[in-house]
Amino acid sequence: MDIDPLLLARIQFAFTITFHIIFPTFTIGLSAYIATLEVMWLYTGKEHLHRLARFWTKIFAVSFAMGVVSGIVLSYQFGTNWSRFSEFAGNVVGPLMGYEVLTAFFLEATFLGIMLFGWDRVPKPLHVFACIAVAVGTLSSAFWILAANSWMHTPQGHAIQNGIAVPVDWLAIIFNPSFPYRLAHMTTAAYLTTSFVVLAVGARYLIAGKFTEEAKTMLRMGVGFAAIVAPLQLFIGDQHGLNTLKHQPIKVAAMEAHWDGSKPGALVLFAWPDEKNEKNLFEIAIPYGASLVLTHSATGLFPGLKSVPPSDRPPVKNIFFSFRIMVGIGLFMIASSIFGAFLWWRRKLFDTRWYLWPMQYTWSFGFIAVIAGWMVTEQGRQPWLVQGIFRTAEGISPVAGGMVLSTLLLYVAVYAIVFSMGIYYINRLIAKGPIVGEDGAIKKGVPNRPMSAASEG
Amino acid sequence: MESYLPLIWALVIGFAVAMYVVLDGFDLGIGILFPFAKQEAERDQMMNTVAPFWDGNETWLVLGGVGLLVAFPVAYAILMPAFYLPVTLMLLGLVLRGVSFEFRWIAKTSKYLWNIAFAGGSMVAGFMQGIIVGGMVSGVKVQGTQYAGGSFDWFTPFNLMCGFAMIAGYTLLGATWLMMKTEGEVAKHARKQAMIALYAVLFFMAVVSLWTPLEHARIAERWFTLPNFLFFWPVPLVTAVLSFLCWHWIRKGNDTMPFLCAIALFFMGYSGLVISNFPYLVPPTLDVWQTAAVPASQIFSLMGMLFMFPILVGYTILNYWVFRGKLKEGEGYH
């Protein structure tokens, strides 16, 4: 069959990883939120904080399980669809992914059990400690996988021997130039996304007139956190962008739809990038805006897309629009959370229904922004799989296109069932709300089963 | 020292795979036996016996898979495309099997759908694993360091037979596990099923033992030349003794011994596999040294692995200890 296996393999990876990234994003943020709730509970002794912590732990359990299930698939996909990449980069990224898996297991085998099942079995401070350990653990998982990913964007610390990348300096590999920025940007995104979920659930309860005490706490925490961190994320994102300009200028050129590097760049608000004719259609732009942002000078120059041949350019439209979706949501988050903080200051946060009503639907915004952001950075690396040294087209397995297509369809079918059920289930838990039920079930020991924690209580 | 690294890693991965096959083997076996249960209550009881364990058991599969990428990237890069469809179907089978554990309890009218997903997922996963094992024995076509065969090279009578053999083996593990962990009707059925499964396993073992050396000269040579044969002849003998003991204890209705014998039988089969193929990781062309990552990579990840290994083993033991004993009808961990 002559279906392009490269494109299909890319679609398959994009599909499975897009589903996957939703869950780690949420569990990184949620574990930190639960740990915060528990620390507050430990110090104040307020029971509704305890109820909230238990409530979110159930949702955490389902999300963690779905993250694990969809992550296993990815760890095998490097081999099934990207075997030449595995061979080329396995020596460098393999151990980093190995450490990611080991930290995840370490967590599951130790503190997760206490966090999910230990509520009535271990002393309070130990439970708090377990929650903090899980929060730190999810973060260290992110550390390793982002190190591996960042190396693909800004590779260093390796040597090429017989056409294969081998490690020379592990510290240089792990702490490659884009890694600190990506780590900061992604973890902040995870926290911000979660704060909007918490905020939205709080708003939902207040609108429905349920669980008022818990709802107010969630709303205050969500709004307060987002009002500080959303602007901070803008700054981190800007720094990340400057770092990208230094190491992957063509990605930035695609984000800004900047064709001609010999002229200062305009800040394009809207356009339809025409890749064939190398120009923008229907452009609405602020002259010199992009140069001002990126070079801190209105007449500053930065490379345009035309500085490399078309075969070395990433897909401009996808990156251009994804970037605008991400930034748009980011700006909305800043505005809505600061406005929320203003209402809070005027003591009107809990009564301003026209604010709460739309906010209950914003739980998905963070996830959309995260996915859009990953689309920008991953497609922006194209046509390279490892920037500058290994092309995506070189990375695929010697597998027929028909094979990749059939497994893609299978993944779509199975994920559609499994994840829609999972999300339906999370929604049911949220609808049920923070009630601590009587513990009738047999629950001795620490079963290694995240999802069963959700069906308790 | 550096030439030993691939051996250490082969040992680590070999151990992880063995752990997986035994531990997830009985989980999958229960899935395979699911359609044969007479009542919904029996299915509940069967599922409950593995509920606290299955996802810890699956950990070993990930460790094996990621371990292969970390320590033997070349082997990983060849074997995954070679078994493209079996690996994918196995993963999807495991996903469906895994979520069925939870969704089955929540579902009301659609419970039967998750019964099907649980049984189907288990069967597909077990069958595909058998095909992969068979495919390893049959050999993988390689050119340089990449897979050079077709999409359906694994689709051979021998490999399909191995798929059925694996199903029989997992059924034996599952049935003997139920003999150990349950009482009442379920245990009674399990005893009958264990006997049938044992006959099937013995049949397949005999077929594999004859077919493999006939079809693969390199394996015949490995076993039947001197002095090798002097070392290896106890393998079939021990297997025969174990089979007899297993048969004996199932007949007597012993609680624990049939399960232990089934595990021992699996290890004998596994050791036969190792004897036939060592030191090849991609038989018959590439060995553990040719597929190994560079020493710097193997050492770096070995440090983490050695730290993690005792914790995983300890946790596994603890978990089985906590949930020891029989599960009566109507009891569960939910």
Residue-averaged 222 nm ellipticity for the protein assembly as shown, from DSSP H runs of 4+ at -39500 (n - 2.57), nearest 500: -25000 deg cm²/dmol
Cα gyration tensor, the stretch B:220-331 - rounded (a/c under 1.5), prolate or oblate: oblate
Qualifying chymotrypsin sites (Phe, Trp or Tyr not before Pro) for the stretch B:1-70 [loop in DSSP, other Cβ within 10 Å: at most 12]: B:TYR4
Most mobile listed residue (B:ASN254, B:ASN228, B:ASN115) in chain B, GNM with C-alpha springs under 10 Å: B:ASN228
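Accessible area, 1.4 Å probe, largest first: how do B:LEU214, B:LEU230, B:LEU85, A:LEU356 sort?
Highest to lowest solvent-accessible surface, that is B:LEU214, B:LEU230, B:LEU85, A:LEU356.
Please list A:GLU378, B:GLU215 from largest to smallest accessible area, probe radius 1.4 Å, with all protein chains kept in place. Numbers along the way, then the final one.
Values: A:GLU378 50, B:GLU215 100 Å².
So the residues, ranked largest to smallest area, are B:GLU215, A:GLU378.
Of the accessible area of the stretch A:1-153, with the probe set at 1.4 angstrom, what percent is carbon plus sulfur?
Whole-percent figure for carbon plus sulfur exposure: 73.
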Global form of chain A, assessed from the alpha-carbon gyration tensor, a/c cut-off 1.5: oblate
Isolated Cys in the protein assembly as shown, by beta carbon distance under 4.7 Å: A:CYS131, B:CYS162
Rounded percent of accessible protein surface that carbon and sulfur make up, the stretch B:1-144, 1.4 Å probe: 71 percent
Global form of the protein assembly as shown, assessed from the alpha-carbon gyration tensor, a/c cut-off 1.5: oblate
Heavy atoms of A:SER178: accessible area, 1.4 Å probe, square angstrom to 10: 0 Å²
Test item: A:411-424 mean partner chain Cβ contacts at 10 Å: 3
Acute angle (nearest 10 degrees) that the helix A:179-208 long axis makes with the longest principal axis of chain A, alpha-carbon atoms: 40 degrees
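Taking all pairs of different Cα atoms in the stretch A:225-386, averaging 1/r and flipping that mean, what Kirkwood radius in angstroms comes out? Intermediate results must be reported in sequence, preceding the final value.
On the way: mean 1/r = 0.0588 Å⁻¹.
In the stretch A:225-386 this quantity evaluates to 17.0 Å.
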Shielded by partner chains, the stretch B:130-176 residues - at least 40 Å² of accessible area, 1.4 Å probe, vs chain alone: B:GLN146, B:SER151
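Send over a whole-number figure in Å² for the accessible area per residue of chain B, probe 1.4 Å. Walk me through the numbers on the way to the answer.
On the way: 13270 Å² over 334 residues.
On a per-residue basis, chain B sits at 40 Å².
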Span-like helix ranges in chain B, DSSP H, alpha carbon extent 18 angstrom or more, Kyte mean at least -0.5: B:5-33, B:54-71, B:84-106, B:111-138, B:157-181, B:184-215, B:234-252, B:257-277, B:295-322
Solvent-accessible heavy-atom area per residue, rounded to whole Å², over the stretch A:225-386 at 1.4 Å: 50 Å²
Qualifying chymotrypsin sites (Phe, Trp or Tyr not before Pro) for the stretch A:350-390 [loop in DSSP, other Cβ within 10 Å: at most 16]: A:TYR361
Loop-resident sites, the stretch B:108-146, for chymotrypsin sites (Phe, Trp or Tyr not before Pro), counting at most 13 other Cβ within 10 Å (DSSP): none
Solvent-accessible area of A:ASP351 with every protein chain in place, 1.4 Å probe, in Å² to the nearest 10: 110 Å²
Accessible area buried at the B-A interface, both sides summed, 1.4 Å probe (Å², nearest 100): 5600 Å²
Accessible surface of the stretch A:304-343 [probe 1.4 Å, protein heavy atoms]: carbon and sulfur percent: 77 percent
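The values are calculated or read from the model by the stated rules, or taken from the named source; none is laboratory data. Keep in mind the model is a prediction, meaning the values are calculated, not measured. We place every Cβ from the backbone using ideal geometry, glycine too, and count neighbours over all the protein chains shown. Remember, those area values only see protein heavy atoms, side chains included, never the ligands or the DNA or RNA. Shrake-Rupley method; radii C 1.70, N 1.55, O 1.52, S 1.80 Å.
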